[in-house]
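All of the numbers you see were taken from the coordinates with simple rules; none came from a lab. Because the structure is a prediction, the values reported are computed rather than measured. Don't worry about glycine lacking a Cβ; one is built from the backbone with ideal geometry, like all the others, and counts go over all protein chains shown.
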Amino acid sequence: MKTNYFIYNLKLATLLVTFLSFNCYKLNAQTVKNYTAFINCIAHIGNGEVVDPAIISVKGNKIESVQNAKGIRLNHTAFDTVIDLEGKHVYPALINANNVLGLHDAFSVRATRDLNDVGNINPHIRSLIAYNSDNKITPTIKTNGILYTQVTPRGGMVSGNSSIMALEGWNWEDAVLLEDDGIHINFPALSERLQNEEGGEDKAKKRYEEELTSLNNFFIDALAYYNNANVSEKNIRLESMKGVFAGTKNLYIHTDKAKDILTSLYFIKKHEIKKPVLVGAKECYKVLKEIKNANVPVMLVRVHDLPERTDDDIDAVYNLPSILQKENILYCLQTAGDSEMEAMNSRNLPFLAGSAVAYGLTQEQAISAITMNVAKIIGVDKLIGSLEDNKLASFVVSTGDILDMKSSNIVLAYIGGKPVNLNNQQTELYLKYKNKYGIK
Amino acid sequence: MKKIVSLIALFSVSFLQGQVTFPVNGATNPLHTTYAFINAIIHVNEDVIINNGILLVKDGKIIEAAEKVALPKDAVVTNLNGKHIYASFIDLYSNYGIPDSKKERIGFAPQMESKIKGAYGWNEAIKADMEAYKIFVHNKEQADIYKKAGFGVVLTSSKDGIVRGSGTLVHLNNTKENESFIKDKCAAFYSFNKGSSTQDYPSALVGAIALLRQTYYDAQWYKQSGDKTEYNISLDAFNQLQTFPSIFESNDKFNNQRAAIIGKEFNVNYILKTGNNDYQRIEDLKKTGLKCIVPVNFPENYDVEDPFDAENISLADLKHWEMAPSNPAAFEKNNILFCFTSADLKDKKTFLLNIRKAIQYGLSEKMALKALTTNPATFIQQQNLIGALKKGMYANFFISNKNIFEDDATIIEHWVNGEQNKFSELEMPDVRGNYEITTDKQKYSLTITGDIYKPKAAVKMDTSKVNASFNFNNPLATLSFVYDSLKTVRFSLSYDNKTKNFIGTGFWNEGNKFNSTINFISAAEPVKSTSVSAKKTPTIGNLLYPFSSYGVETFAPTAKEVIFIKGATVWTNENDSIIENCDVLITNGKITNVGKGLTAPTGTNVKVIDGKGKHVSAGIIDEHSHIALTQGVNEGTQASSAEVRMGDAINPEDINIYRQLAGGVTTSQLLHGSANPIGGQSAIIKLRWGQNAEGMKFENADGFIKFALGENVKQSNWGDFNSVRFPQSRMGVEQVYMDYFTRAAEYSKTMEALSKPTGKQAAGKTPAFRKDLELEALAEIINKKRFITCHSYVQSEINMLMHVADSFNFKVNTFTHILEGYKVADKMKAHGVHASTFADWWAYKNEVMEAIPYNAAILTKMGVNTSINSDDAEMGRRLNQEAAKSIKYGELTEVQALKLVTLNPAKMLHIDDKVGSIKTGKSADIVIWSDNPLSIYAKVENTIIDGKIYFDRELHQKASEYVKTEKARIIAKLLAEKQKGAAVVKHRSKKRQLYHCNTIEGVSEEETGKR
């Protein structure tokens, strides 16, 4: 942390600043004005570090600094507002990667679903514009400290573009943090085909080969189109692919099985994909060295999932985060995996990280896996993902450990310095019926 | 009945007299030749062998089989020179000559009723009227395959439906069908498979079982009923079937038990047509005392070259590959009466090979022969006619060159009903040896090796060897080989038995002919053929209980009689609440003391667990689970399926049992799905990993039944085709209940009246009473002997069902899911109903849009006994975390939260006197946690059920290691097989089947939605 002009480092470790004499705001603070200090908190930076006790200063929509409060006297008059967090935990905004949140309400009602479209190769599809900032599920997600989502289309082999959205916003234009951050492909899955295809092995293999060939051919065409300065006829599918070759868009490759991962790594190399990401990668533990050597980050399958096979260890999926951590592969956690349940389940993102701690991560590594690492992978780490200078003031305050449901209790949240309304339809119904029955 | 007897008589007579009703075209050709086979080794049956005996045959019957017999002068004598004669094998499970049934379903709309026209029963799968003898026709090609495998007689039947009618016993001869019958109606056939029926019911195994049971009851009623208002061909035929031996196709070790249970209920000793995995639960099979028909379709060798693909083959499949050939031996070892069938074999030519393999794996040759002849004959009470070589029996026998169980034994001739079938030469010259080929140019040397009946040839030119093609059909032979790059020389030869030379003509590539002699030089080294049973029995791994990875090698986990947990934090769920530094004593499966500073027991039978830093809680109870079930969780084809019992479909091998033990679950209620307003009867089980289905059931638990409301039962999310079944609205749902309970009340009244016979009834003048499994289950609800767990979401329907119950004077026991319970918590409290809900699920369909995670807290605070359930195999293994969410959402205390998954579900399942808290006298169903059980960081260290440790995190590491090494061992074996040249097949693993409330077999998830 840099020393800032408003803080005088007295170099006296024992001298702690007390704020009792100041006119502090308590937790119901409404707005971060021009210049605010959050004091007396435990700051989980998101990069693995903890600052305790910390002073977080926020200027406008950005974090100005996070300082260890030990031995620091704060010049409170420099701030419009000073908020005493009374020893609470502060975390960077949690980021929900690879999710259909915002693309449906009551899932079974077809009319509310905007997840996928007709066709197998749809790189032109953009989830951004279907993202309903007023959808019914989002408010319940914010309440648990998840403040950003990667709204992701599903279906087909090339599903389309995802975008990074803040969970506050009047409309999608207002909510978007990064437009069309990447294209998602469901990589042809050989073993799935072998298991499920009717008509035997040969037919399954043939179908697989056809799929893989058509995907390869599409990428060859797309690269040729990208390299052609004078395109005679515009092709909106191929236009959309340009970013993948220019290195401005991620290519998210959804695949789980070891052999398919290997095939996809070859695919990445062959087509010189600049910014590839593996999504799912349930069998990554079998091909760690290959993933590591290819330097491809992993958006890990939901860790609250069953092992794939009877023989797999009962903890096979729980163990994945610590396996990747040990191997020093960039990875993050996410809640997708069951399209009808994943949006509403994304409020459990912090608990997936909690489980990862039970199976080998440190607390701060787990926090990184749902904040900083996500931001890095989806390419927004200059803006969000950690409590570091000059990033957006998007963070969450909890009275207890946010990774454990038994202590997670979120009392404040900010997106770009603006307070987030933590109430939702569910908290309102709770209040309504508590009042009806007169219970506490 | 009389009709049948006279038919049998008619058939027997026709054989004796040789008179026929058929006109003859041309002169008649009556033949009554006597055939004598001398110098034979006659296997009279498995016990008696006549060395150097004589078999006399005439008019399709055996005249004599003995050592010394006076040969009739007219006898046609065949000298067998020490060859073997066996009685023809009998296959009781054949479909020979019976056409396959085809399933022809049109469209996707539900089919509620039978499409079979006429006065038949209501369900297409009850094909009791099927009579195989009426549709049987010979098929020479099939018959030859059977005869080459040793079979001369088959009991053939239709393999279609749950009740399959009668099978017929026929000879595999080449004459008119009229002359092939031994017994027209010989046995009755049953299965769990509805076959070609396109009717929706039954869609699941539980439904198939219920349908069969109800059919037995209906038939009993039909038989007894005096004043018939209904004529029913199916029931009439079903009653006739009861006079025959009953053969039940179980095809699987667990189905064996399911069939046996039905048999017991109706006093039928089924003959089970088993699968190839019976050895995995052979003790259970033995206990049934039933006879079995056993196939020998051992798994093929898997291709394991690709290591990643090989990892997909489960340990169970690998072990089964290794152990399946020992299945027949397991029957013998356990003294289970059995016979063999060639059914289920992809290729019947492998039948004898696999029998020999079974012998190599421990089956005795004597038992093998018995299981092919005497046993099948006895099973169908035809032991006086077939299955042995005795005077007066049918002349069904085959001649083999050597002991039929030796590797290269061949069936040379097969006589069926006195009719000869010749497959190869009786006296085949042995041409194996070394020869010199003379041509008009140069000489070559020839070596003939291989099977005496299928010799192979190799030709040497100077010193280089060339492959040759050789065909010997005594006395003619052909030979060809390449003599100069692309040039081939061919020979047409004939064999001279005396000189042992081949003489004939050669054809050069250019077409020039030459005279050729192939002179015998020396005989081949005699190959010593060993009998299969003399071969070394292969070593195979141990059985696992259950037969799965993480199974154990003995039935019950190794357990000390006394477990002492010392100094743990104990969450008692009793008044003491949480006691720190507390001891728990477990003796003989029960909790016998709880408190601080207990004296540690001593002795070798004591296991002491150091509880320092650990937490101890009661085992987790999942009120709503669909794990450990097989072949369907929904019989949702009718609005009510009260007759089905989930207890009939328990799968003790589901890996999710073990996974959930590792999550602290000790008891689960296995529920029927939610596809219909009245579902099926649930099964409460303890997760006793390793036990069989019956051993998993919670002893003396009350009966429960699943009901369901809302979108699933009105089929809202099932697609447009599903708009046929009543009800399609919540209004209809209420009326389904009103109708069924009204009928059940009437039924209950009648039953009660019949149990107290008045004068008139005692005189036997009342019409017979039809036992109705469906109404009986519903009557039990009214009589407070069975209790409802109702899948529910929206307040209106919750309210409705409570009113329905009130109007029939009973109470709803539990609302499960109950996501809008918080809206009617006061009404629920007043009704006295329990609530079992999800922690935080919502938004997956319209009726859950007002679900709130505070539901459990509100209900608890309102005094409704509330639990958190899983309905999901994944969530089931971390229910402690789901309970902890009620602290976050609604601020329950930690003690209250833990009770949501322990004591509270015990109460709603009426088992809180036995489990649910840590209290002296209760079952020792206990979990030891590494941390506060409500923390996300807590892991289960031990799960104890009935005082036995079923999960131990340390032992689990060993089990994981075992899985790894055992798989590697068998994979190495498979690799060796492939290197030896054995054929291999790709393994196709089944996709994991996880059940939720709304899983319908055959309907995709996309159509159904879930939960």
To the nearest 10 degrees, the tilt of helix B:351-360 (Cα long axis) against the first principal axis of the alpha carbons of chain B is 70 degrees
B:LYS185: which aspartates and glutamates have alpha carbons under 20 Å from its alpha carbon, excluding same-chain residues fewer than 8 sequence positions away? B:ASP91, B:ASP100, B:ASP129, B:GLU131, B:ASP160, B:GLU177, B:ASP236, B:GLU249
Once the Cα gyration tensor of chain A is diagonalised, semi-axes √(5λ) in Å: 41, 23, 22
About its Cα centre, how strong a charge dipole does region B:441-523 have in debye, to the nearest 20, once Lys and Arg get +1 and Asp and Glu get -1 at the Cβ? 60 debye
When DSSP assigns beta bridges and you keep just the ones with both residues in chain B, what percent turn out antiparallel, to the nearest 5? 65 percent
Of the listed pairs B:LYS319/B:LYS346; A:LYS205/B:LYS964; B:LYS148/B:LYS498; B:LYS785/B:LYS948; A:LYS257/A:LYS292, those with alpha carbons more than 25 Å apart are A:LYS205/B:LYS964; B:LYS148/B:LYS498; B:LYS785/B:LYS948
Taking a threshold of 23 Å on the Cα-Cα distance, which of the pairs A:LYS418/B:LYS885; B:LYS366/B:LYS536; A:LYS382/B:LYS885; B:LYS273/B:LYS706 fall above it? A:LYS418/B:LYS885; A:LYS382/B:LYS885; B:LYS273/B:LYS706
Over chain B, calculate the relative contact order: mean separation of alpha carbon pairs under 8 Å at least 6 apart, over the residue count, as a percent. 10 percent
Shape of region B:172-331, Cα gyration tensor, a/c cut at 1.5: prolate
Computed on Cα atoms, the radius of gyration and Dmax of region B:127-234 in angstrom are 17.2, 54
Given points 7 Å out from each Cα along the Cα-Cβ axis, report the A:GLU201 to B:THR750 separation in nanometres with one decimal. 5.8 nm
Extent of region B:441-523 along each principal axis, from alpha carbon coordinates, in Å, largest to smallest? 32, 24, 20
Given charges at Cβ of Lys, Arg, Asp, Glu: the protein assembly as shown dipole, positive-most of B:VAL633, A:LEU324, B:PHE726: B:VAL633
Quick query: amide H of A:ASP181 versus all other amide H atoms, modeled in the peptide plane; which residues come in under 5 Å with a sequence gap of 5 or more or a different chain? A:SER162, A:SER163, A:ILE164
What size of dipole, in debye to the nearest 20, comes out for the protein assembly as shown about its Cα centre when the only charges are +1 on Lys and Arg C-beta atoms and -1 on Asp and Glu C-beta atoms? 1700 debye
To the nearest 20 debye, chain B has a Cα-centred charge dipole, built from +1 on Lys and Arg Cβ and -1 on Asp and Glu Cβ, of 1740 debye
For chain B, find the longest principal axis of its Cα atoms and tell me its angle to the long axis of helix B:795-807, 0 to 90°, nearest 10. 90 degrees
So what is the calculated 222 nm ellipticity per residue for chain A, using -39500 (n - 2.57) for each DSSP H run with n of 4 or more, over all residues, to the nearest 500 deg cm²/dmol? -8000 deg cm²/dmol
Placing each pseudo-label 7 Å from Cα in the direction of the beta carbon, A:GLU428 and B:VAL985 end up separated by a distance in nanometres of 6.1 nm
Positive-end residue of B:GLN442, B:ALA65, B:VAL562, charge dipole of the protein assembly as shown with Cβ unit charges: B:ALA65
So, counting K/R as plus one and D/E as minus one, what does the shell of residues with Cβ under 11 Å around B:ILE116 add up to? 0
Which of B:SER424, B:VAL482, B:ALA237 sits closest to the plus end of the dipole of chain B, meaning its Cα is farthest towards the positive end, when Lys and Arg get +1 and Asp and Glu get -1 on the C-beta? B:SER424
Name the trypsin sites (Lys or Arg not before Pro) in region B:143-234 that are in a loop by DSSP and that have at most 11 other C-beta atoms within 10 Å, would you? B:LYS176, B:LYS228
Could you work out the local net charge near B:PHE248, counting Lys and Arg as +1, Asp and Glu as -1, over the other residues with Cβ closer than 11 Å to its Cβ? +3
For B:LYS922, which sequence-distant residues (separation of 5 or more, or a different chain) have an amide H within less than 5 Å of its own amide H, given hydrogens modelled in the peptide plane? B:ILE591
Is the C-alpha gyration tensor of region A:302-440 telling us rounded, prolate or oblate? Criteria: a/c under 1.5 is rounded; beyond that, a/b larger than b/c is prolate, otherwise oblate. oblate
Listing A:TYR318, B:TYR483 by rising number of other beta-carbon atoms within 10 angstrom, fewest first, gives B:TYR483, A:TYR318
Whole-Å distance, taken between Cα centres, linking region B:963-981 and region B:172-209: 40 Å
Evaluate the relative contact order of region B:441-523 (contact order divided by residue number), counting alpha-carbon pairs under 8 angstrom at least 6 apart; express in whole percent. 15 percent
Can you show me the helix-derived [θ] at 222 nm for chain B, built from DSSP H runs with n ≥ 4 at -39,500 (n - 2.57) apiece and divided by the number of residues, rounded to the nearest 500. -7500 deg cm²/dmol
Within region A:215-314, GluC sites (Glu not before Pro) in DSSP loop having at most 13 other beta-carbon neighbours inside 10 Å: A:GLU233, A:GLU272
What are the extents of the Cα atoms of chain B along their three principal axes, in Å, largest first? 107, 74, 59
Over region B:821-883, what number does the Rg to Rh ratio reach, with both radii from the alpha-carbon atoms and Rh per Kirkwood? 0.98
Taking Cα atoms, how many degrees apart are the long axis of helix B:953-979 and the longest axis of chain B, rounded to 10 and kept between 0 and 90? 20 degrees
What is the Cα centroid distance between region B:804-880 and region B:371-392, reported in whole angstrom? 63 Å
Pairs of alpha carbons in the protein assembly as shown whose separation is greater than 57 Å (percent): 35 percent
Taking region B:101-145, which chymotrypsin sites (Phe, Trp or Tyr not before Pro) meet the DSSP loop condition and have no more than 13 other C-beta atoms within 10 Å? B:PHE108
